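Remarks on the structure that follows.
Just so it is clear, none of the values below were taken in a lab; they were calculated from the coordinates. The structure presented is a predicted model; accordingly, all values stated were derived computationally and were not measured. FYI the Cβ positions are ideal-geometry reconstructions off the backbone, even for glycines, and counts take in every protein chain you see.
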Amino acid sequence: MSQVSLHKTQDQPPTQVKLSTLDRLLPVWIVAAMIAGLLLGKLVPGVADVLDSIKVGNVSLPIAVGLLVMMYPVLAKVRYNETGNVLQDRKLILTSLILNWLAAPALMFALAWVFLPDLPEYRTGLIIVGLARCIAMVMIWNDLACGDREAAAVLVFLNSVFQVIAFGALGWFYLQWLPDLLGLPTTSAEFSFWAITASVLVFLGIPLLAGFLTRTLGEKVKGRSWYEERFLPKLGPWALHGLLFTIALLFALQGDEITSNPLDVARIALPLLIYFVLVFGAGMVLGKLLRLGYARTTTLAFTAAGNNFELAIAVAIGTFGVTSGQALAGVVGPLIEVPVLIALVYAALWARSRFFSDKQVLQPIVTKA
């Protein structure tokens, strides 16, 4: 069976390749992982308690392991010596910061109040999801859509810094100050600086350091050609294995709540669906208008649309309790995000050949296993 990795090529037209079974049928595997998780959580008594018994911060240890396995191969693909070029792209950096820290949280606030005016717990949970900018799973969506890996690494790093600095202040703004200004009910919430910092260090710091060391040592010992053409194709599939493992565990952990409260889940899901599509669409349109090129436009869109569900769930549980409506809203976030963003991966690839003329894209390389 063939295995697929991605690397940058210049002035080469898109080529037809034979994708691995895992890549070609990814939507099928994701749906299967969701169903398997739901069945496991519903049919096996106590599985949620077992999964949740050991934690990293407030995140189940098995889920944390899945996330790290998912992140490491993607970050090992990044050419860290080229990230300096991304920092010089002021249009990309500024647009990303505006989308992530001004537009997206404001949109989620508005959607939460429009769709959940009578359900304050779910509404608060959605607002918290909107404040938690993505630092983990977005890397794999970006990679699948042939986005710019170096740009993704830089934007994710910037999001992590802003997350530590701004999360608490934005929580106060959107849960207390702005509702009070608009004559709406307010919510009291205290956000732990250390919980936010721990989330960033664990879910970005560990795989980022591992990826950097793997790239640096691999190229130093064997050279870039060996590293990208022989090593990465073997490492790459582990990202998707980690993704499927994480999805199955997420659904297993909350399977009972999801199947027991389908109407509540549906009400939470609708504003989330609108949010992901609108923010992603805004990123793609802005990138096109700013002439960022396909790869960086795609990266801009995914880093703005994705959310840090690990942090959102941890904050909701730590502040309001594991059985709270806020925690359920946080859990529904990734359950909606995963299928929606995988669909947006295909939307981005569809848009590449129709709306972008730049020739620098991430092309697949196939090696035989």
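Structure above, values below:
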{"read-out": "Burial ranking of peptide ranges 334-344, 108-118 (average Cβ count within 10 Å, highest at the top)", "value": "334-344, 108-118"}
{"read-out": "CD proxy at 222 nm, helix term only [per DSSP H run n ≥ 4: -39500 (n - 2.57); per residue of the chain; nearest 500]", "value": "-21500 deg cm²/dmol"}
{"read-out": "GNM result for the chain, Cα springs below 10 Å: residue of 42, 220, 234 fluctuating most strongly", "value": "220"}
{"read-out": "Residue order, fewest to most beta carbons within 10 Å, for 221, 154, 47", "value": "221, 47, 154"}
{"read-out": "Helix axis angle, 262-289 relative to the chain longest principal axis, alpha carbon, degrees", "value": "40"}
{"read-out": "Neighbour-count ranking [beta-carbon atoms within 10 angstrom, fewest first] of 227, 80", "value": "80, 227"}
{"read-out": "Sequence-distant residues sharing a close amide H with residue 55 (under 5 Å, placed H)", "value": "61"}
{"read-out": "Label-point separation, residue 266 to residue 54 (7 Å along Cα→Cβ), nm", "value": "4.0"}
{"read-out": "GNM top mover of 270, 68, 155 - the chain, alpha-carbon springs below 10 Å", "value": "270"}
{"read-out": "Nearest-20 debye value, the chain charge dipole, Cβ charges on Lys, Arg, Asp, Glu", "value": "1460"}
{"read-out": "Gained length - residue 180 relative to residue 102, 0.36 nm times residue gap less alpha-carbon distance", "value": "26.2 nm"}
{"read-out": "Between helix 309-320 and the chain: long-axis angle, C-alpha atoms, 0 to 90°, nearest 10", "value": "20"}
{"read-out": "Neighbour net charge for residue 73 - beta-carbon separation under 13 angstrom, K R +1, D E -1", "value": "+2"}
{"read-out": "Length released on extending from residue 32 to residue 44, taking residue separation times 0.36 nm less the Cα-Cα span", "value": "2.6 nm"}
{"read-out": "Modelled FRET efficiency - R0 45 Å, residue 259 with residue 213, Cβ distances, 0.05 increments", "value": "0.60"}
{"read-out": "Likely footprinting exposure, 160, 188, 60, fewest C-beta neighbours within 10 Å first", "value": "188, 60, 160"}
